[in-house]
Amino acid sequence: MHANSFMTKTLSLLAGAALALGAFTAQADESKILRVGAEPSYAPFEFMDETTKELTGFDIELIDAIAKAEGYTIEVTTMPFDALIPALFTNTIDVALSAMTITEERLKRVDFSDPYYESGLTILIREADKDKIKSVEDLKGQVICTQIGTTGSYYAEDIEGATSKTFNSAPESYLELKAGGCVAAINDRPVNDYFLATGQSEGIISLPGTLSAENYGIAIRKGNDEVNALVKSGFDKIKADGTYDALYTKWFGAKN
């Protein structure tokens, strides 16, 4: 009877230890969350799927794949584009990506991953204006629609005599262009191209050529070595195993 009692106590202790270990493991797993900040209306990089009502896009699938390669899950917080870098400063998020161009000015404030997409700026105009707006030279002294905090906005501000009319999202700038509130909209080529491919772009065309070459990167708070290492390692893994190429082809077609 004493032996049975001892065995019962031993089993109970073992069961308790197993439960404690299980709880610890679950807690450890829950801590492996990469907090992501994104601006939710920048198709095809990030946007709300009308069918599933969930955030999707190239950027979202990219950071999800990077996180999974390192055993992490992502937790996405949506916010205006110009709030992303401040959110890194306050440690509200670990990484920010919304087709964010790597610039010298931004590099003074945050770190960036290796470039993951090569882009550039293009100009959209109303088709009715195609005979008078033929190049960036014709935008001097004009009102130009842009998204606040983007390189398109900065570019417009440098055009002689031009006024940059800024909006919180790219779709808002397109609506203003269609309504005649500006003569052109400047934004990233893939975002403009995606808009032109939708049924909402009737009467809008793109001027030929690209204004600048740009590389997109994942922004990380300076000094956050742990997240920098996680992103680099995960990105290297998905490039090596073909995941990155598959995602690129899915959203943009095969590379030239």
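Between beta-carbons, use under 12 Å as the cut-off and find the net charge around LYS239, counting Lys and Arg +1, Asp and Glu -1.
-2
Quick check on packing: order 157-165, 119-127 by the mean number of other C-beta atoms within 10 Å, highest mean leading.
Most protected by this proxy first, the peptides run 119-127, 157-165.
Using a 1.4 angstrom probe on heavy atoms only, work out the carbon and sulfur share of the accessible area of region 92-227 in %.
Carbon and sulfur together cover 46 percent of it.
What is the mean projected area of the alpha carbon convex hull for the chain, to one decimal in square nanometres?
Mean orientational projected area (the chain, Cα hull): 18.5 nm².
Only helices at least 27 Å long along their axis, Cα-based, and averaging -1.0 or more on Kyte-Doolittle count here, so list those DSSP H runs from the chain.
Qualifying helices: 2-31.
Before I look further, what does the chain give for accessible area per residue, probe 1.4 Å, in whole square angstrom?
On a per-residue basis, the chain sits at 52 Å².
Any chance you could tell me what percent of the C-alpha pair distances in region 173-219 go past 12 Å?
67
Calculate for the chain the 222 nm mean residue ellipticity that helices alone would give, adding -39,500 (n - 2.57) per DSSP H run of length 4 or more and normalising by residue count, nearest 500 deg cm²/dmol.
The helix-only estimate for the chain comes to -12000 deg cm²/dmol at 222 nm.
Highest GNM mean-square fluctuation, the chain, Cα pairs closer than 10 Å: which of ILE74, ILE144, ILE186?
With Cα springs under 10 Å in the chain, the top fluctuation among ILE74, ILE144, ILE186 is at ILE74.
If the cut-off is a Cα-Cα distance under 20 Å, which lysines reach LYS130, setting aside same-chain residues fewer than 8 apart in sequence?
LYS140, LYS178
Hey, how much of the P(r) for region 175-256 falls beyond 14 Å, as a percent of Cα pairs?
Roughly 76 percent, rounded to a whole number.
Taking amide H positions as placed 1.01 Å from N in the peptide plane, with prolines and chain starts having none, which residues 5 or more places from PHE167, or on another chain, fall under 5 Å of its amide H?
Placed amide hydrogens put THR146, GLN147, ILE148 under 5 Å from PHE167.
For the chain, what is the relative contact order in percent, using Cα pairs closer than 8 Å and at least 6 residues apart in sequence?
25
The values are calculated or read from the model by the stated rules, or taken from the named source; none is laboratory data. Since the model is a prediction, treat every value here as computed from it, not as a measurement. FYI the Cβ positions are ideal-geometry reconstructions off the backbone, even for glycines, and counts take in every protein chain you see. What goes into the accessible areas is simple: the full protein's heavy atoms, side chains included, and nothing from ligands, DNA or RNA. Shrake-Rupley method; radii C 1.70, N 1.55, O 1.52, S 1.80 Å.
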